[in-house]
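Contents: one structure, followed by commentary.
The values are calculated or read from the model by the stated rules, or taken from the named source; none is laboratory data. These numbers were taken from a predicted model, which means no experiment stands behind them. For neighbour counting, all protein chains shown are included, and Cβ atoms are generated from backbone atoms with ideal geometry for every residue, glycine included. The accessibility values were calculated without ligands, DNA or RNA, using every heavy atom of the protein model including side chains. Shrake-Rupley method; radii C 1.70, N 1.55, O 1.52, S 1.80 Å.
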Amino acid sequence: MENYETLLGGRFHLNATVDAELGTVPDRGKLVVLRDSESKKVVPVLIPTEVIPNFALSKSQRYNLVIEVSRSGILDAVELEKE
Amino acid sequence: MKQFETLILAAFLVGSFQSVFAQEAAPESPGEAGTGTTKEVPAKDPAPGASKDSLGYLYNEKPKDGTAASKADGVSEMINGKLMALDAISSVSSLVSPAFEAYLSTEEYPPDLIQAYEDAYDQSVESIRKRDISTALGLLIDMSGYNWDTGASEQLVNRVIAVWDMRRNQKDLTALNEKLQEKARSAARNFDLESDAVMKKMRDNDRRTRSRGGNGDKGGDDTNKAFHPAGGGGMPSATNVVDALIGKMNLTEEYLRGLESRAKVVLNETEMKAAEQKAREDFSAYIKVLHDGRWLHQTKLAADFYRVLFGDGDLPVGVAEMSVKSGETLQRIRNDVKVFAYKAEKDEIASATSLLAEDFQVAPNHPALRLVNRENKLRVANYIANLQKLQNLIEARDFTNLDELLSIMESEVKDFDPIKPKAIVRAVKRESQMRLGMAKLYAQQGKLEDALSEFKTAAEAWPDNPDLDAASEKFFTSQDVQNKSTVEFDRAAKDRNYRRIFENSLEFGVAVKGDQVREDQMKDALEKVRAAETALEKAKLFEQGGDVYGSWETVELAAKEWPEDGELNRRRAELSMQASVFVSKLSKASKEELKGHDGVALAYFLNAREDYPMSKMANEGIKRIGDKILGREPEVTEPVGSTSR
């Protein structure tokens, strides 16, 4: 994780469930904690406002995401859909 | 400022008490938030519960926050509170019932015997359900033969038979009523017949009178015409008149006889209704007696009998409640006996004691309780005896023997929680030391009367206090140490050596008296030491509870407030080794946060929280960085590693 700069702009697929929501700000998006289905580790992901789905995120639901490593090592969701 | 030294010392020491009590009583205390291996005995249990309640009393009797002066007053309040609590503890022995003590000494019964009783009970229930009352009563007679039944089942049989007798009596009354009703009907028929005859005679008389009246009866006095010889002068004959009268009398008699029969019928019906009602009420009352007497098998059977005897679909609400409750309790105790055996096997005697004591209190006659083997019951008896001994030792302030006993109990009883008794010991010892310190302070001020009073209180709080002898020799010798102490104080304050100030607080307290700057410095120093000691104590308890991460974090946070303290740093270093994984994650999170790598830092904080969900540092870090990423106004918290060394 320390060398995130090498991954900056890289996109990855993530299959995960929602572990917690850290907050939502209308013009920024929703910051959530996702648990990777495979490694079971948690990762923070910022879902920008334009990517926030029209359905509510559910803890028990798995989601397929495309995430992009952006500034400050923040992972931005580019695509999000239910599994 | 006259009593500054008194107040500042009292404030510090009372503050220490409050801290200790606060951390002991707080939900996050290690004893409760630790590994979960320690369990508290439920309050409903007579023996251990009394202990819990009594000890709990101590914790509820905290000194109140306030000024230094009010804190000084709080110390004496605390002493009173302890004495009251100890009085309560000493009464525990009376709360363990003699019956329970006797039960704990008895040998277990053969399982076959218990099973036979339970089988008879089950068959009785089944027989009642099939309305085979005589078989059910026979089984109850069998049940009454077992010695724990003590004839309760036979009493129930007698009650049922009494209701049966009442029923027979009602049948007799019903038969009698039928006869009476027949009698009433017969009287009514006779009345009708008699009535016709009388009417006929009356009409004949009238006719005869009218036909003779046309011949003209000119006789003089006619006042006794009815007694004139028959055939005289148009008058009715005496015989006819008498016949008519007798007919009327017979009529009246029949009428009265009919009324009497009907009245008797009504009376008998009323009597039957009253008897039925009384039988119902008596039987319900008897079920309550059985229930209150904790005869659960008999309560359940009696309720079943009620339904059959009185032919109701539904039981009265009270009876139904007692029946259901008894059934539930019967089954629960059967299960509890198995749970008890399991807990005893695991040496969890505290919770096993709670379970057994509660069950015995609820249903002392339950046969399943006779299955508990004597060896395990004696372990319970031993545990209760040790609890009582423990409370006596606390009351007697015999802390030497108390420590030994606590060690024994900890080794013998896996789920015994020694934290609270130990906290009491620590609190009382500190109280004694505090009083001793006050005594020394007063002595140095030349207030020998106050010093003696404090010394006496210190001795009462902890009679075996090893410092008492030494103190009694030297405390009452006043010394002029002010100049020397002031120099030493200034050096310690400059070096931020607060522990030196703390250790010499009595001398320094006198030395800085009246010097506002130094007084503030001393107050600050004592507060720092108090906070550090509290943190170290809390960390120790966390560590004892297996919560190494919590222990490290507590010391880490305290070290931020006083980074120069060697003791905090030493403990932090020790704990860092044990909590290395958690520390490493927080450390990386901190470094990344300082570099502005918020996403990476947040990931590390989240992973640290995975290791220790209660972590204040991780949770604050997550909140802080989350706010930053979302562009929200952050709360003021420092990055965790900002003062780490």
**Prompt:** Out of the residues in segment A:47-67 that are open to solvent by less than 50 Å² (accessible area, probe 1.4 Å) and within 13 Å of chain B (Cβ to nearest Cβ), which is farthest from A:R28 (Cα to Cα)?
**Reply:** A:I67
**Fill in**
Checked B:A573, B:A558 against criteria (closer than 29 Å to B:A603 by Cβ and open to solvent by less than 50 Å² (accessible area, probe 1.4 Å)); the one match is B:A558
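Scan segment B:440-457 for residues that are aliphatic (A, V, I, L, M) and open to solvent by 40 Å² or more (accessible area, probe 1.4 Å) and jot them down.
Answer for segment B:440-457, where residues must be aliphatic (A, V, I, L, M) and open to solvent by 40 Å² or more (accessible area, probe 1.4 Å): B:L448, B:L452.
How many residues are assigned to a loop (DSSP other than H, G, I, E, B) and among the acidic types (D, E) when one looks only at segment B:362-403?
1
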**Prompt:** Within segment A:24-33, is even one residue acidic (D, E), in contact (Cβ under 8 Å) with a residue 12 or more places away in the chain and touching a Leu at 6+ places or on another chain (Cβ under 8 Å)?
**Reply:** no
**Prompt:** Scanning segment B:378-392 for residues that are of a type outside the set (S, T, Y) and open to solvent by less than 30 Å² (accessible area, probe 1.4 Å), which turns out modelled with the lowest pLDDT?
**Reply:** B:Q391
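Listed residues A:T24, A:T6; which is within 14 Å of chain B (Cβ to nearest Cβ), in a strand (DSSP E or B) and either open to solvent by 30 Å² or more (accessible area, probe 1.4 Å) or modelled with pLDDT of 95 or more (or both)?
A:T24
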**Request:** For segment B:587-597, indicate whether the set of residues that are under 30 Å from A:P26 (Cβ atoms) and of a type in the set (A, V, I, L, M) is non-empty.
**Result:** yes
**Request:** Scan segment B:551-590 residue by residue and report those that are among the hydrophobic types (A, V, I, L, M, F, W, C), in contact with a helix residue (DSSP H, G or I) (Cβ under 6 Å, 6 or more places away or on another chain) and within 12 Å of B:A535 (Cα to Cα).
**Result:** B:W552, B:V555, B:A558, B:A559, B:W562, B:L568
**Message:** I need the full set of residues from segment A:27-44 which are in a strand (DSSP E or B) and either in contact with a helix residue (DSSP H, G or I) (Cβ under 7 Å, 6 or more places away or on another chain) or at the interface with chain B (Cβ under 9 Å from one of its Cβ atoms) (or both), in order please.
**Reply:** A:G29, A:K30, A:L31, A:V33, A:V42, A:V43, A:P44
**Fill in**
When segment B:420-439 is checked residue by residue, the ones that are modelled with pLDDT of 80 or more and open to solvent by 20 Å² or more (accessible area, probe 1.4 Å) are B:K422, B:R426, B:K429, B:R430, B:Q433, B:R435
**Fill in**
Checking B:E460, B:E375, B:E412 in turn, the sole residue that is open to solvent by 30 Å² or more (accessible area, probe 1.4 Å) and under 30 Å from B:E503 (Cβ atoms) turns out to be B:E460
**Message:** Looking only at segment B:616-638, filter to residues that are over 11 Å from A:G73 (Cβ atoms), outside any loop (DSSP other than H, G, I, E, B) and hydrophobic (A, V, I, L, M, F, W, C); which one of those is farthest from the other protein chains (Cβ to nearest Cβ)?
**Reply:** B:M617
**Message:** Checking the conditions here, which among B:R189, B:R159 is under 30 Å from B:L369 (Cβ atoms), of a type in the set (K, R) and in a helix (DSSP H, G or I)?
**Reply:** B:R159
**Message:** Can you tell me which of (1) part of a helix (DSSP H, G or I); (2) open to solvent by 10 Å² or more (accessible area, probe 1.4 Å) is the one B:A344 doesn't meet?
**Reply:** (2)
**Message:** Six or more apart or on different chains, Cβ atoms under 7 Å: show the pairs whose first residue is in segment B:332-348 and among the β-branched types (V, I, T) and whose second is assigned to a helix (DSSP H, G or I) and open to solvent by 60 Å² or more (accessible area, probe 1.4 Å).
**Reply:** B:V337/B:L371
**Fill in**
Scanning segment B:296-323 residue by residue, those surrounded by fewer than 19 Cβ atoms within 10 Å (Cβ to Cβ) and of a type in the set (G, A, S) turn out to be B:G311, B:G313, B:G318, B:A320
**Subset of segment A:68-83 (residues that are more than 14 Å from chain B (Cβ to nearest Cβ) and assigned to a loop (DSSP other than H, G, I, E, B))** = A:E83
**Prompt:** Does segment B:349-367 include one or more residues that are more than 23 Å from the chain's Cα centre (by Cα) and either more than 20 Å from B:A99 (Cα to Cα) or in contact (Cβ under 8 Å) with a residue 12 or more places away in the chain (or both)?
**Reply:** yes
